[in-house]
Amino acid sequence: MTGETVAARGLGRPIPRTYAGYLTQVWAVADAEVTKLRHDPMDLVSRAVQPILWLLLFGQVMAHVRGLAAGGSYLDFLAPGILAQSVLFVAIFYGLSAIWERDLGVLHRYMVSPAPRSALVIGKALASSVRGISQSIVIYACAAVMGVKLSFAPGHILLVALFIVLASALFSTFSLIIACIVKTRERFMGIGQFLTMPIFFASNAIYPIALMPGWLRAIARFNPLSYEVDGLRSLMLSHGQSQFGLTVDLGALGLGVCVVTVIATRMYPRLTQ
């Protein structure tokens, strides 16, 4: 295969012979998405309000309910869940931008570019993680002010960033799949709002899995948000522990990212039809 391109089955375009060329195309797509964010920084500020309110209001009220934090501080228990919630809420509506791009004609230019479809999907997924990372900075600062026992070990911080990148990629790519199916902004907004609450509440973000009824406990174990929260909870807190194990948490998110990326790559061209 020397001097040629390697065809990727189902990816719509051949992957460049060198990884550097492929990564350059991914970076170009991601940079274009991040540029939009730089031009509208108030979007980050407005999205930071909701998680802060959850910590200040919900956290303070529910801290008086016994049993929610398994004998520890409920604010400590809640902070990683709110970070995961914030990443979910930002990423799950990311597909809306693809519909806007189609309506503005930008998506058609992407489709005729030499970049493989997979590079377009992965680039958008990486761009969405920038929003997730920015949310984490706000939540870390708010949690520190409220006395949450955070861990600032460099290794833990890096792993938290990795969890955010994986979760952002998973949910934003899932959002892109939804956009390819519904194709209209109105339907997308309705389905997005319908999905966020079940994903959030059927996880361990605001209460332990042990307190759930059996049927909900089974759903929570198939919910990727549960593995994100579990990993964040063991890394963000100075006394944090993982229920499933960090290897399982990372594996579940990584597998989820691979699955949705393959599906979105196959479906992405349908958005223009």
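Every read-out reported here was derived from the displayed coordinates using simple, explicitly stated rules and does not represent laboratory data. Small disclaimer: the values here were computed from a predicted structure and weren't measured.
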Cα centroids of the stretch 73-101 and the stretch 118-174: how far apart, whole angstrom? 10 Å
Per 10 angstrom bin, beginning at 0 and ending with the bin that holds the maximum distance, the Cα pairs of the stretch 206-269 fall in percents of 20, 42, 27, 10, 1
Sequence-distant residues sharing a close amide H with Leu150 (under 5 Å, placed H): Ser238
Angstrom value of the Kirkwood radius, inverse mean 1/r, which spans all Cα pairs in the stretch 155-234: 13.9 Å
Given the Cα-Cα distance of Phe152 and Ala20 and 0.36 nm per residue of separation, how much length would full extension add, in nm? 44.2 nm
Restricting things to Cα coordinates, could you compute the convex hull volume per residue of the stretch 19-272 in Å³? 130 Å³
